[in-house]
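Q: Shown below is the structure under consideration.
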Amino acid sequence: MNNRFIILGTGNALVTRCYNTCFILQNDGHNLLVDAGGGNGILRQMEDAGISFADIHDMFVTHAHTDHILGVIWVIRKVISLQTKGKYEGLFHLYSHEKVLRLLDMMCKEMLTPKFYARIGDTVLMHEVTDGDRFRAAEMDIQCFDILSTKEKQYGFTALTSDGQRVACLGDEPFNEHDRAYVEGADWLLSEAFCLYDDRDRFKPYEKHHSTALDTGRLAAQLGVKNLIIYHTEDKTLSTRKEKYTLEAAKAFKGCIYVPYDLEVIPF
């Protein structure tokens, strides 16, 4: 089975040394794009990853923060451009909650040409999902859930791959017990870690409603997952991030830990 995480970006909102967190979940050759970062850098990341937008037919957007939603406009524009040139087969499906879709529709109406905007609802379809909804995308059974953020309405999801592996994405905020039933025992857990616990006084993750690598390791152990992917980090320690975040998370979690760089591919 050809399953891969293609990590397009790993950084938090204000990074300059890497791209904002977004990734492709590839299931037996089918692609689910999750978020798109904060700008047209998504075009470069996709190009450098060797992935054509013509091969992206499904997208999930977690929430409306700038570092996740603004790149979506560029994705939509690129897809429509390919469609108008006859270089894109089929429809493009985008899944998210009401606020994200409302903002995207407004931005598309104001920022795209009337000809391009006319494609919204025609060849570019936006699907509203609510807490607990299930849908099918990239040949996977997906269930989304509200993470009950106190900052911005945000959804995570679980995805069941074609070979039966369960992937859980928590978004970019700390875990909420409301979602335990969705993610407990997952084969793969994607979770934010703003910084090292040892660097908490420097980066102040808790004041920003984020976690540390140690917190994320403890969470993975509590949830009984098999593999942990850590992302949405600061970018001031990139040269040591992989080693130090892994070591800190491993103090609490004995499964496999991945702290990827931008454009890293994790097969599974």
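Q: Taking the Cα centre as origin and putting +1 on Lys and Arg beta-carbons and -1 on Asp and Glu beta-carbons, what dipole magnitude results for the stretch 116-212, to the nearest 20 debye? Intermediate values should be presented prior to the final figure.
A: Numbers: 11 positive and 20 negative charges, 40 e Å.
About 200 debye.
Q: Report, to the nearest whole %, how much of the accessible area of the stretch 187-250 belongs to carbon and sulfur atoms, 1.4 Å probe, protein only. It would help to have the intermediate numbers written out before the result.
A: Numbers: 1280 of 2620 Å².
Reported share for carbon and sulfur atoms: 49 percent.
Q: Name the shape class, rounded, prolate or oblate, that the alpha-carbon gyration tensor gives for the chain, where a ≥ b ≥ c are the square roots of its eigenvalues, rounded holds for a/c under 1.5, and otherwise prolate holds if a/b is larger than b/c and oblate otherwise. Can you show the working numbers first?
A: Working: a/c = 1.66, a/b = 1.53, b/c = 1.09.
Prolate is the answer for the chain, as a/c is 1.5 or above and a/b outweighs b/c.
Q: What value, in deg cm²/dmol to 500, does the helix sum -39500 (n - 2.57) over DSSP H runs of n ≥ 4 give at 222 nm once divided by the residues of the chain? Before the final figure, lay out the partial values.
A: On the way: 8 runs with 78 residues, N = 268.
Theoretical 222 nm ellipticity from helices: -8500 deg cm²/dmol.
Q: Hey, another quick one. Would you list the membrane-span-like helices of the chain, meaning whole DSSP H runs whose alpha-carbon atoms span at least 20 Å along their axis and whose mean Kyte-Doolittle value is at least 0.0?
A: On the way: long enough: 66-84 (28 Å, 0.85).
Helices meeting the span and hydropathy rule in the chain are 66-84.
Q: Tally Lys/Arg at +1 and Asp/Glu at -1 over every other residue whose Cβ is under 14 Å from the Cβ of V129; what's the total?
A: My count for the surroundings of V129 gives -2.
Q: Which FRET efficiency, nearest 0.05, do L160 and R17 yield, Cβ-Cβ r, R0 45 Å? Don't skip to the end; give the middle numbers.
A: Details: r = 35 Å, r/R0 = 0.78.
The pair L160/R17 has a calculated efficiency of 0.80.
Q: Right, next: Which pairs break 28 Å Cα to Cα here: K115/K151; K208/K244; K99/K254; K87/K151; K109/K204; K87/K109? The partial results should precede the final answer.
A: Values: K115/K151 35 Å; K208/K244 21 Å; K99/K254 38 Å; K87/K151 39 Å; K109/K204 38 Å; K87/K109 23 Å.
Listed pairs above 28 Å: K115/K151; K99/K254; K87/K151; K109/K204.
Q: Follow-up question, since we're still on this one. Enter the accessible area per residue of the chain (Å², integer; probe 1.4 Å; all protein chains in place).
A: On the way: 11260 Å² over 268 residues.
Counting only protein heavy atoms, the per-residue value for the chain is 42 Å².
Q: Can you list the residues, at least 5 places off or on another chain, whose amide H is less than 5 Å from the amide H of V225, using H built in the peptide plane?
A: Hits under the 5 Å cutoff: G185.
Q: Modelling each spin label as a point 7 Å along the Cα-to-Cβ direction, I'd like the H127/E177 distance in nm, to one decimal.
A: Reported label-point gap for H127 and E177 is 3.3 nm.
Q: Specify the residue with the greatest mean-square fluctuation among K208, K85, K151, computed from a Gaussian network of the chain linking alpha-carbon atoms under 10 Å apart.
A: Between K208, K85, K151, it is K85 that shows the largest mean-square fluctuation.
Q: Take the Cβ-Cβ distance between Q222 and E89 as r, set R0 to 35 Å, and report the resulting FRET efficiency rounded to the nearest 0.05. Walk me through the intermediate numbers first.
A: Working: r = 44 Å, r/R0 = 1.25.
It comes to 0.20.
The values are calculated or read from the model by the stated rules, or taken from the named source; none is laboratory data. Just so you know, these numbers come straight off a predicted model, no measurement behind them. Don't worry about glycine lacking a Cβ; one is built from the backbone with ideal geometry, like all the others, and counts go over all protein chains shown. Note: accessible area is taken over every heavy atom of the protein model, side chains too, but ligands, DNA and RNA are not part of it. Shrake-Rupley method; radii C 1.70, N 1.55, O 1.52, S 1.80 Å.
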